[in-house]
1. Rounded to the nearest 500 deg cm²/dmol, what is the calculated helix-only ellipticity per residue at 222 nm for the chain, with -39500 (n - 2.57) per DSSP H run of length n ≥ 4?
2. Under a crude label model (7 Å from the Cα following the beta-carbon direction), how far is residue 43 from residue 203 in nanometres?
3. Obtain the nm distance between the two label points defined at residue 21 and residue 91 by a simple spin-label model: each point lies 7 Å from its Cα along the Cα-to-C-beta direction.
4. May I ask you to derive the FRET efficiency for residue 52 and residue 164 from their Cβ-Cβ distance with R0 = 51 Å, giving the value to the nearest 0.05?
5. Listed highest first by mean packing, meaning other Cβ atoms within 10 Å per residue, what order do 291-297, 164-170 come in?
6. Please find the FRET efficiency linking residue 123 to residue 218, where r is the Cβ-Cβ separation and R0 is fixed at 22 Å, and quote it to the nearest 0.05.
7. Highest first, please rank the peptides 107-120, 299-312 by the mean number of other Cβ atoms sitting within 10 Å of their residues.
8. For the chain, restrict the atom set to alpha-carbon positions and state the Rg and Dmax in Å.
């Protein structure tokens, strides 16, 4: 009785690959790659034209003296040297860092408190999620104008409410000591997006963990510290990083309130954030080379702060299923 012979072996213990089948497999793989690139091409072209090329070109511009009208003139690292000699850079950086250092913790704590309230809201949670998120959709220019109306030292709503309690409200828009606190309070208007992220994290915490904690005699605060915070720590870390980056790039509301339309009535130096000064150098004074150097300094600062946050998070952020040994 004839028996079918096995295909010739390649390496010991393996059958030889059918050449025709292998060629067909490679053609199918190339077609899949080509199809994927075809579908990705709109994004790839947009990324190369509107992100990658401007990013690379800005490195070149940061080494030039360029005023948009005339051709760039190469000046080497003079723009970067000027950054350390410009007193407005130090002022803008200190304003920005102070604003971010105070605003981000308040923003995150308020977001978490509102998320905890929504987590207990039951059927009405959907309505309040929408209510809290709507301010995030408000145009920043409108928020800047609203800031001047609400925080007007003479007849603003904020000082009016303080007056009901016998408190003499400060001049939020004219007193340099109160400009940044006012902007920080106003920025808390848009906590809605972070509230929704943290609410989703809270609702994803397994109820079994709380039941086990209660059986062990843990009260509310112990459960919050040992169960809730560790389980939502990835979402908290995300919210902190994103809002830190946003804080370091603060522009819209402060520019509208204190610098828009040639505004010189109010104390502008107290609200001179780094990106506002960058914008002025680029589009008011047409110092595009210097502004490009400023942009790369900001990028370096954001990268350093983010790396520090990532390093610190390795000890504080818990990821489910991660081996912590």
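1. Working: 15 runs with 206 residues, N = 325.
Taking each H run of at least 4 residues, the total per residue is -20500 deg cm²/dmol.
2. 2.6 nm
3. 7.6 nm
4. Values: r = 55 Å, r/R0 = 1.08.
According to the calculation, E is roughly 0.40.
5. Working: 291-297: 21.9, 164-170: 10.1.
Ranking the peptides 291-297, 164-170 by packing returns 291-297, 164-170.
6. Details: r = 28 Å, r/R0 = 1.27.
Here the calculated transfer efficiency is 0.20.
7. Numbers: 107-120: 17.7, 299-312: 12.2.
Highest-to-lowest ranking by the protection proxy: 107-120, 299-312.
8. 28.1, 109
Every read-out reported here was derived from the displayed coordinates using simple, explicitly stated rules and does not represent laboratory data. What you see is a predicted model, and the numbers here were worked out from it, not measured in a lab. Ideal geometry is used to build each Cβ from the backbone, glycine not excepted, and the neighbour counts take in all protein chains shown.
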